[in-house]
Every structure is written in C-alpha cells, then in structure tokens.
C-alpha cells in the first residue's frame, strides 16, 4: 500500500512540474517548434501577433474545439501546457471565419462565428490582455445573434473595442460596434447600414478616428451590374450615414480585391485594382468623401497586403513575376501624401526586393508585417520541376526604411520541409516581429488523412536561428500553497492571471474544483467545505500560468 501511495505522489508531483518543462526555439533548419499538433484535431488558420516582452501570440482554429491560443516567449517556451480556448464554457459547434487583430493595448481581439444549426450563425468575440487572460468571460461576448451572414471584416475602434461589418443573404450590409467591455452597442442584431436593391458584398471596415467608421464594399447597382464597382460610406458612432447619397458614394469600377486602413488623419487609404489589371492602385479618401490622390502601379497581382506604418506612412507587400522567368517578393513604402520611397514601376524595378526566386512561389503562403523600423516578409518557394519531389524552403526577410535588405540574398532560411505523406502542404502564414529585431514565422502543415498542425520558428536580428539565450532567463517565482489547516488554504500568486485550485483523493481521482477565477498578485486564504469529504489524505493542486504546486491536506472525522 505504501508503494502505491508513493507512486501516486510521484505522479502528482510530476503533473505539477510538467507545466514548467523547458522548451526552446530550435536553432537548426530541420527542427521546428510544435505549437498545436493534436492528432484528433484540425488545427489550422493561424494568426500571429507580436506580444509584450518579445513573445508571440498564436491564435488558430482548433477543429471541433474551435478557437484556441498559445503564447510563446522569447526563449521558445509555451506558456500553456495545453492551448487555451477562447470560450471554454461554450458548447462545441462548428466554428469558422476566425479573425484576430491587435486591440491597441498590447492585447488582442478575436472574432468568429459558430453554426448551431438551420444554416444560421451566431457571432462571438473575445478579448485577451497582454498576459493572455480572457477579458470578456469564459463564454465570450455574443455580438450578432441568429444571423444569415457571409463575408465578415473587423477593425479596431482605437479605444479597446472594434467595428464589424458583414454581408448577409438579404443583400444587405450590417455593422456592429463592440465596446472595450465586449458590449454590442447596436444590439444583438447589429444595424443595417446598407439596404440597397442590388447585390452588395465583401465589406471592409475601418475607424475614422472620431468614434465612427468607414465601410467600402463591392456593389452591382446599374450601370455597374455586369462587372461591379466599389462604393463607400462614412458612419457616425450611432451607425448613421454621413455622406450623400445615403446608399453610398461611387469610388471606382470593378476590382478583384480591396483593402482599407485609416490614414491617421480622419480619412482612409484604399488599396485595390480598379478594372482588374495586373497592377494595383492606392487612393486616399478624406473625411468628407473626396479622393485626394490616386497612384497606380504601386503593387501587383492579388497576392498583396497593406499595413499601417509609422505615423504618416504605410507599406505594401506583393509578388511580381511569372513562371518562366521567376518570382520576386517586393515591398513599397508610401506616405499619406501619395509619395513612394522605394523603387516603382518605370524605374527598372517594381519595388524594393525582399528576395527573388527562379522557382515556384506559393502566393497563398506569404505574410508581411511592419514593426518600426523594419518591414518583414515570410514566404515559401519550391522548385517548379517536379515540385512534389523537392523540399519547401521557408524564408524570413526584412527591409529597413530605405528599402535595404537586413539579411543577404533571399533572407534567412528558417526551415526546409521535405515532401512526404506526413507533410503535403504548408499554408496560412503569419509573421510576428519582436521588439529586439527578431521575428517569428508561423504556419500550418497539412499532412495525410486530413491532418493539420501549427508550427513556428524564430530568427534573431542577426539572422541566426533560435531565441534569447536560455541561460540568461530569470527564474520567475512560482505560485504556491503555503499552508493548509482545518480547511483553510493559504496560497500566493505572483502574476495577475486565472487561478485554478483542484482537490484530488489519494487514488488520484478528482474530488472537486475549489477555485477557478481571475485574481491579482498577492496572498490569499480560501476555506474548503470538508463536510462532504471522508477522512483521509487529499492533495491540492494550484495551477497558474507561472507553474503548478501540489500540497497535502488531511481530513480527520
């Protein structure tokens, strides 16, 4: 019997220390950091955001477990033993259209939809603080109820909340404003901001800096009912249109894509390709709806993105080339007056080059991100001749404010992935630059049997692989149970976080959950009602993000 008790104690102690196991950023191209690799789940569509202290937030769709997230510190250690759920108390429905954006306060906002049945959707949102704590509750915030929705876009409101725009099956566009506390300000049905007689689709939304927002959408009203057009409208904080006509102002003719960002002075920047040429345009729209300037040939093709930069500037990332001559990854720096600062069409180069490959580029597997003073890219290429027989090469590169490469040639080769039944494809790239000049690349690996994993890799500012020196990692004090007497439990926590205290019997069976809530750092005492417990030895397990601690409790009748 004593031997069995010893084994149980060993297992419980091992369970406690498991949450502090060390893992570090791999330093060779053949090793990558597994972020989410559960065999039974379809873990895909990752988003990567820079987080405080050179850490990285990774949010992804976890299959039937839906939205999950993990934080990786600068040393490569995962904060959570198992990825956290964005809404642990909700039923598990089919989840899709998960989007993650910065909240402007060192945290993140996550929005997604679930399908509870009957071809209708409910839309939810969650906000994480800089430590990864869920601020809008374990059930998240319901932002749109029973909605026949389609395409969705979200944008920060600049005050800790966000705006949402969505098209629905009634050919209308609906908007919602969620405040910093997670409250939907337009009710759980949102506000119909456009109810035109023609088809309106693919709304893009951004803030106006004054409490309101802009929406730009595809519109097929005459005379654009064949090829379509882009229309725009500005709305006040109540969702009322501010421009005439109320059903939108014409912006340009048909486009294959459109993107908008705030210009920092109350208007917005449009990035699109009017009339579907190979090249793309940028326009600046003033707060009163006037197009202040239009610049063409600023980027190319549809594999492109726009990013806000330092005040007064924005950046474009794009691909350019063809199958016979090769492909390049390029960037462009522009100011809000419409001036370009890097090579442009007509100068002999289409932009500042991140890298050039005489082989196949996967346009759907690319990512860009700006963090002052560098514009970063993350992409994959593969030899066009028998690509199924050749590895995939993943590169990170960065351009400084003058458009000069930070790393030689095509950048830092962070990993090389062999083609095999266990590694069929890579997609949905994300890149999160660190304050120290390094960057983390995140991607989804698709294997056989419809299996997906989330992986990550870090390069340092000097182009080496790996993270911060683990030997210099400070020892963070772990939370612990300091006393247990007559059902009164004293414990200490050192970081504001969710605190969980669980009780197990001598056989290792879960008896009850004592505590599961958010607390500030400090010393606490909690009383355990022992009336339902039999005499004997029990074990208390305290778990916080800084670690776990197990203590013994004796019940005497």
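Quick check of the Kirkwood formula: for the chain, what is the inverse mean of 1/r over all pairs of different Cα atoms, in Å?
Details: mean 1/r = 0.0390 Å⁻¹.
Answer for the chain: a Kirkwood hydrodynamic radius of 25.6 Å.
If R₀ is 35 angstrom, what is the calculated FRET efficiency for the pair residue 145 and residue 335, using the beta carbon separation as r and rounding to 0.05? Please report the intermediate quantities before stating the final value.
Details: r = 43 Å, r/R0 = 1.22.
E between residue 145 and residue 335, to the nearest 0.05, is 0.25.
Hey, could you pull the Cα Rg and Dmax for segment 236-300, both in Å?
In order Rg, Dmax, the Cα atoms of segment 236-300 give 12.7, 39 Å.
Please report 515, 283 as a ranked list, fewest other C-beta atoms within 10 angstrom at the top and most at the bottom.
By the 10 Å Cβ count, ascending: 515, 283.
Using Cα-Cα distances under 8 Å and only pairs 6 or more residues apart, what relative contact order does segment 258-402 have, in percent?
15 percent
Per-residue ellipticity at 222 nm for the chain, helices alone: DSSP H runs ≥ 4 residues times -39500 (n - 2.57), over residue total, nearest 500 deg cm²/dmol?
It comes out at -1000 deg cm²/dmol, rounded to the nearest 500.
Of all beta bridges DSSP finds with both residues in segment 299-365, what is the antiparallel percent, to the nearest 5? Could you put the intermediate results ahead of the total?
Details: 21 of 21 bridges.
Here the antiparallel bridges make up roughly 100 percent for segment 299-365.
Rounded to the nearest 0.05, what FRET efficiency is calculated for residue 359 and residue 402 with R0 set to 22 Å and r the Cβ-Cβ distance?
0.20
Which distance in nm do the two modelled labels at residue 555 and residue 530 give, with both placed 7 Å along the Cα-to-Cβ direction?
Distance between the two pseudo-spin positions: 0.9 nm.
Modelled label-to-label distance, residue 30 and residue 482, 7 Å Cα→beta-carbon offset: nm?
5.0 nm
Using only the Cα atoms of segment 63-166, construct the convex hull and provide its projected area averaged over every direction, in square nanometres to one decimal. Walk me through the numbers on the way to the answer.
On the way: hull surface 27.2 nm².
Value for segment 63-166: 6.8 nm².
Roughly how tilted is helix 2-18, in degrees to the nearest 10 and between 0 and 90, from the longest Cα axis of the chain?
30 degrees
R0 = 25 Å: FRET efficiency of residue 512 with residue 183, Cβ-based, nearest 0.05?
E between residue 512 and residue 183, to the nearest 0.05, is 0.15.
For segment 522-557 and segment 240-276, compute the distance between their C-alpha centroids and round to whole Å.
59 Å
Where a ≥ b ≥ c are the square roots of the eigenvalues of the C-alpha gyration tensor, would you call segment 163-299 rounded, which needs a/c under 1.5, or, failing that, prolate if a/b is larger than b/c, or oblate?
Oblate shape, in that a/c is at least 1.5 and b/c is the bigger or equal ratio.
Find the all-direction average of the projected area of the Cα convex hull for segment 182-235, expressing the result in square nanometres with one decimal place.
In nm², the orientation-averaged hull projection of segment 182-235 is 4.5.
Over 25 Å, how big is the tail of the calculated P(r) for segment 255-366, in percent of all Cα pairs?
Values: 1187 of 6216 pairs.
Within segment 255-366, distances greater than 25 Å cover 19 percent of Cα pairs.
The numbers here are math on the coordinates, done by the rules we state, and not lab data. Please read all numbers here as calculations on a predicted model, not as lab measurements. A quick note on method: Cβ atoms are made from the backbone with ideal geometry, for glycine too, and the neighbour counts reach across all protein chains shown.
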